[in-house]
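Below is one structure, written out as structure tokens, with a few remarks after it.
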Amino acid sequence: MSARDLLLPLIAVLVLAGLAFSGLSGTLLNLLIFMMIISLAAQGWNILGGFGGLSSFGHAAFFGTGAYTTLILQTSLGVNAWAGLVAGVLLGAAVGAGIGFLSFRSGLKGSYFALITLAFAEVLRIASNSAPITGGAAGILLPLDYGFLNLQFDDRRWFALIAILFVGAALALTRWLERSRFGAYLIAIRENEQAAQALGVDVFRVKLGAITLSAGCTALAGVLYAQNYLFVDAHVAYGPWISIEALFAAIVGGLGTMFGPLVGAVALLGLGEITKMVSGGVPGVDLLVFGAILILTVAFVPGGLMSLRQRLTGRRRPRGETALRSEEGA
Amino acid sequence: MLSVDGLTKRFSGLVAVDDASLAAPEGRITGLIGPNGAGKTTLFAMAAGFLTPDAGTVTFAGEDVTAEPPHLRARRGMARTFQIVQPFAGLTVRENIAVGAHLHHPSRAEAMERADAIGKRVGLAKDLDRAAAGLTVAGRKRLELARALATQPKLLLLDEVLAGLNPSEIRDILPVIRAIRDEGVTILMIEHIMQAVMNLCEHVYVLAQGKMIAEGPPIEVSRDPQVVEAYLGHGAAARMQAAGGADA
Ligand SMILES: Nc1ncnc2c1ncn2[C@@H]1O[C@H](COP(=O)(O)OP(=O)(O)OP(=O)(O)O)[C@@H](O)[C@H]1O
Ligand SMILES: [Mg+2]
């Protein structure tokens, strides 16, 4: 990976930061922050689902672990928010490695893998809804206390900036995947596991590495979510909503592409917000829009929004498409 | 380089490979022939670690690798092609070959460069930027060979890489295979095209119904009555039928 490879992530960060500081209203700034959080969750999902062809229905397991970890550490141990962030990411990654170890050891793929991840997330949701350490059904509240070390800002533009920087870092991570042997092996496994093995690829280890990275990235989204709303409960942390949004954003944006999850998150949440405004806030109407967009994407732009740009510029890039197909075939 | 001893594989009742042994000596091209369904591909799969034998051992470069998974055997220098081609369909030809090259070249740029060189060598120069899914049958066979070659193997297991190629394409690829051998790569090849076997192999083994029934120089083996019966019997029967049909 060269410095040039980091140019696009850098430009994206500058554009987004410019937007955050362009005098957006409070509502729009909140929307931007939320877009960044969902983008991060989807960027994590994309590493495993997009590059590795292993679609998970349970990324909530990682998101929730990140969210709970940082809030528990801060409220009960008085740890500072940044240390909580690091711990949340590490623990989320560890949960990913654990689920990966169990599933990949037994050779789970396709819908079996998707269902097992969903099962893990649901178990965590039910457990955290009753366990004392997670505050039971009441959840955990983080007291308001502005300060850089607390990762809480009176001026929410700073929080937006931090979220944007993390999105930029995740973009760079994805770029590295596209430029490294590890990434090439991961894509090879997605395309044909047997052929990859024949070429010396340790399929188990590469998958394990991918789910660990993927989980860490989505756990970071969970940390930021908890930090942004100063609250987490079982539904928010481990509920299926985040698994679905991460997956939707990645697929709609373009599987296995660097910008796909970011573009997908912005498009989905942007349209969802517009629909809510137009419809006068009918509950659940944004979910309806999400579903419709997903169906339209899979039917007409199977490579996701990013493939539209490539179609226009005439560059052939079949990766996202095959990822989607292999997922259906698995 | 490679020897398999007493390999046996059963598929629920059917004995696909039955106590078969062979050796592929270093620096040679050894052939494995036999009628359809003889168990040749199954034997390869056990040699490369994709199937676990029910009995027997696989020895590679003096070490027993019977229990080793395929990727470790690949790292030792064993590369196989698949009779039913297994391309990374969504990737370009260059990217396909680069996955093989990555085994000894961690850098992406280097792997891509190696892929270019190897692609050109097997006759895929103008297809390097195409999606592997868009290749012809012959192109896919070449890609199998190129990817295996890219791992810089000591031993190449080629499973019918010439099948589906037309006579002029076969003429083009024979010298390539010979040149690979001349560089010191040991080759064990399954092949139905006798012209190629005669042309390339110093020694051939004949597998029929899972059993190794003959071995020796190709000319001698092709005259062995047991082989003619087991192996060429198929073709002869078909020819007789065709002749009968023409007469009527
Ligand atoms: N996975 C499997 N499960 C069950 N039976 C199998 C399996 N693989 C192969 N067989 C059977 O084992 C026998 C040997 O098959 P194999 O593919 O090894 O033959 P082959 O010599 O390579 O034939 P061909 O020349 O047609 O490629 C065949 O009868 C085949 O149907
Ligand atoms: Mg075969």
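Somewhere in the range B:175-182, is a residue in contact (Cβ under 8 Å) with a residue 40 or more places away in the chain, open to solvent by less than 70 Å² (accessible area, probe 1.4 Å) and among the basic types (Lys, Arg)?
Among the residues of the range B:175-182, at least one is in contact (Cβ under 8 Å) with a residue 40 or more places away in the chain, open to solvent by less than 70 Å² (accessible area, probe 1.4 Å) and among the basic types (Lys, Arg), which makes the answer yes.
There is no residue in the range A:228-237 that is modelled with pLDDT under 85 and not β-branched (Val, Ile, Thr).
Every residue, every condition in (1) assigned by TED's automatic domain parsing to the domain that holds B:VAL17; (2) assigned to a helix (DSSP H, G or I); (3) of a type in the set (Val, Ile, Thr); (4) away from ligand 2 (no atom under 16 Å from the Cβ), yes or no:
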residue: B:ALA163; (1), (2), (3), (4): yes, no, no, no
residue: B:LEU174; (1), (2), (3), (4): yes, yes, no, yes
residue: B:ILE180; (1), (2), (3), (4): yes, yes, yes, yes
residue: B:LEU188; (1), (2), (3), (4): yes, no, no, no
residue: B:LEU207; (1), (2), (3), (4): yes, no, no, no
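Restricting the range B:120-129 to residues that are of a type in the set (A, V, I, L, M) and part of a loop (DSSP other than H, G, I, E, B), the residue that is surrounded by the fewest Cβ atoms within 10 Å (Cβ to Cβ) is B:LEU128. Checked against (1) crowded, with 22+ Cβ neighbours inside 10 Å; (2) among the β-branched types (Val, Ile, Thr); (3) outside any helix (DSSP H, G or I); (4) modelled with pLDDT under 90, A:VAL282 passes all but a single condition, namely (1). Which residue pairs have Cβ atoms closer than 6 Å, lie 6 or more positions apart in sequence or on different chains, and pair a first residue in the range B:22-49 that is without any contact (Cβ under 8 Å) to a residue 24 or more places away in the chain with a second residue that is more than 15 Å from ligand 1 (Cβ to nearest atom)? Pairs found: B:ALA23/B:SER3.
A:VAL266 satisfies every condition listed in (1) in contact (Cβ under 8 Å) with a residue 12 or more places away in the chain; (2) over 12 Å from A:ILE38 (Cβ atoms); (3) open to solvent by 40 Å² or more (accessible area, probe 1.4 Å) except (2).
When the range B:140-164 is filtered for residues that are within 16 Å of ligand 1 (Cβ to nearest atom) and of a type in the set (Val, Ile, Thr), only B:VAL161 remains. Residue count for the range A:87-145, restricted to those that are over 18 Å from A:GLY58 (Cα atoms), in a helix (DSSP H, G or I), open to solvent by less than 60 Å² (accessible area, probe 1.4 Å) and modelled with pLDDT under 95: 2.
Counting only residues that are more than 16 Å from the chain's Cα centre (by Cα) and more than 7 Å from ligand 1 (Cβ to nearest atom), the range B:1-11 holds 6 of them.
Which of the residues spanning the range A:226-245 are aromatic (Phe, Trp, Tyr) and open to solvent by 30 Å² or more (accessible area, probe 1.4 Å)? Listed by number, the residues that qualify are A:TYR229, A:PHE231, A:TRP241.
It is to be established whether one or more residues within the range A:217-224 are crowded, with 24+ Cβ neighbours inside 10 Å, farther than 21 Å from A:VAL266 by Cβ, of a type outside the set (Val, Ile, Thr) and modelled with pLDDT of 95 or more. Yes. Counted as qualifying within the range B:4-77 are the strands (runs of 3 or more DSSP E) with 3 or more residues that are away from ligand 2 (no atom under 16 Å from the Cβ), in the same structural domain as B:GLU160 (by TED's automatic domain parsing) and of a type in the set (Val, Ile, Thr), namely B:55-60. Filter the range B:190-201 for residues that are within 16 Å of ligand 2 (Cβ to nearest atom) and outside any helix (DSSP H, G or I) and give the result. Once the filter is applied, which keeps residues that are within 16 Å of ligand 2 (Cβ to nearest atom) and outside any helix (DSSP H, G or I), the range B:190-201 yields B:ILE190, B:GLU191, B:HIS192, B:ILE193. Name the single residue that is surrounded by the fewest Cβ atoms within 10 Å (Cβ to Cβ) among those in the range B:88-107 being facing chain A (nearest Cβ under 7 Å) and in contact (Cβ under 8 Å) with a residue 40 or more places away in the chain. Among those residues, the one meeting the criterion is B:ALA89. Go through the range B:69-85 and give me each residue that's within 7 Å of chain A (Cβ to nearest Cβ) and surrounded by fewer than 22 Cβ atoms within 10 Å (Cβ to Cβ). Correct list: B:HIS71, B:ARG75.
Across the range B:26-67, what is the total count of residues that are more than 8 Å from ligand 1 (Cβ to nearest atom), open to solvent by 40 Å² or more (accessible area, probe 1.4 Å) and out of contact with any His (no Cβ under 8 Å at 6 or more places or on another chain)? The total comes to 11. The residue that is surrounded by the most Cβ atoms within 10 Å (Cβ to Cβ), among those in the range B:196-214 that are touching a residue at least 60 places away in the same chain (Cβ under 8 Å) and under 14 Å from the mean Cα position of the chain (by Cα), is B:VAL204. Within the range B:133-162, residues that are away from chain A (no Cβ under 11 Å) and within 11 Å of B:ASN96 (Cβ to Cβ) reach no partner that is open to solvent by less than 10 Å² (accessible area, probe 1.4 Å) and within 16 Å of ligand 2 (Cβ to nearest atom) with beta carbons closer than 6 Å at six or more positions or on different chains.
Can B:ALA117 be described as away from ligand 2 (no atom under 16 Å from the Cβ), open to solvent by 10 Å² or more (accessible area, probe 1.4 Å), in a helix (DSSP H, G or I) and modelled with pLDDT of 95 or more? Please lay out each step first, then the result.
Working: away from ligand 2 (no atom under 16 Å from the Cβ): yes; open to solvent by 10 Å² or more (accessible area, probe 1.4 Å): yes; in a helix (DSSP H, G or I): yes; modelled with pLDDT of 95 or more: yes.
In short, yes.
The values are calculated or read from the model by the stated rules, or taken from the named source; none is laboratory data. It should be emphasised that the depicted structure is a prediction, and the values quoted were computed from it without experimental measurement. Glycine also receives a Cβ, built like all others from the backbone with ideal geometry; neighbour counts cover every protein chain displayed. Side chains included, ligands, DNA and RNA excluded: accessible areas come from the protein's heavy atoms. Shrake-Rupley method; radii C 1.70, N 1.55, O 1.52, S 1.80 Å.
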